[in-house]
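**Student:** My questions will all concern the structure given below.
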Amino acid sequence: MGALEEKPRRLKGGRIRCPRCGLMQDRVLTLEYDWVLLEPAVHPLAHTVPAEHRWIELSDGRVTVYGVCPPDQFQRCRIEHSLACPAQPLPDLWPWLTTLRDQNARQLERLSAPEPPFSENEWPDAG
Ligand SMILES: [Zn+2]
């Protein structure tokens, strides 16, 4: 009786050079067998990374987005190279903060105060 099943092979994609910045990045298979390009050697705590950008490694080497909410406080994750790539614009990582900033900007525009909201002493010296 021979073994009919192959040993589960590590589904590692290896390292490739980012076509935009030229730095090396890890090419890793996702749970859905798509490729994702991850920043090498960076494993931040999951709760410090926006939820949809937390990748965790599975036992077979593939990765998936870490969907546990709230995240375990000690869970480490990986991030896509595109978040760290100096040659790509940073995506909107915290959409609710962007919305709040836009709302505050509109609120400031509506205010027609004759004086600025802060005293001059609070502004850094522009010199
Ligand atoms: Zn890059």
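**Student:** Which part of the range 53-74 falls in the paramagnetic zone of GLU32, meaning amide N under 20 Å from the point 7 Å along Cα-to-beta-carbon?
**Tutor:** 53-69
**Student:** Next question, about the same structure. Explain nothing, just the number: relative contact order of the range 12-109, from Cα pairs under 8 Å at least 6 residues apart, as a whole percent.
**Tutor:** This gives 24 percent for the range 12-109.
**Student:** Tell me, what HN-Hα J-couplings in whole Hz come from the Karplus equation 6.51 cos²θ - 1.76 cosθ + 1.60 at θ = phi - 60° for each residue of the range 14-29, using x for Gly and Pro?
**Tutor:** Those phi angles translate into x, 10, 9, 8, 5, x, 9, 10, x, 7, 6, 9, 8, 9, 10, 7 Hz.
**Student:** How long is the gain from TRP96 to GLU80 if the chain were fully straight, where each residue apart is worth 0.36 nm and the alpha carbon distance is subtracted?
**Tutor:** That pair, TRP96 and GLU80, stretches by 3.7 nm at full extension.
**Student:** Kindly write out, for the range 82-96 in residue order, the coupling ³J(HN,Hα) from the Karplus curve 6.51 cos²θ - 1.76 cosθ + 1.60 (θ = phi - 60°), rounded to whole Hz, with x marking Gly and Pro.
**Tutor:** 4, 6, 10, 6, x, 9, 10, x, 6, x, 6, 6, 10, x, 5
**Student:** By count of other Cβ within 10 Å, fewest leading, how are THR98, THR30 ordered?
**Tutor:** Placing the least packed residue first, the sequence is THR98, THR30.
**Student:** With a Cα-only, solvent-free Debye model of the range 12-109, what are the log10 I(q)/I(0) values at q = 0.13, 0.22, 0.25 Å⁻¹?
**Tutor:** Result of the Debye calculation: -0.53, -1.14, -1.32.
We did not get these values from a lab; they are worked out from the coordinates using the rules stated. From a predicted model like this one, the values you see are computed outputs, not experimental measurements. When we count neighbours, we look across all protein chains shown, and the Cβ atoms used for this are built from the backbone with ideal geometry, even at glycine.
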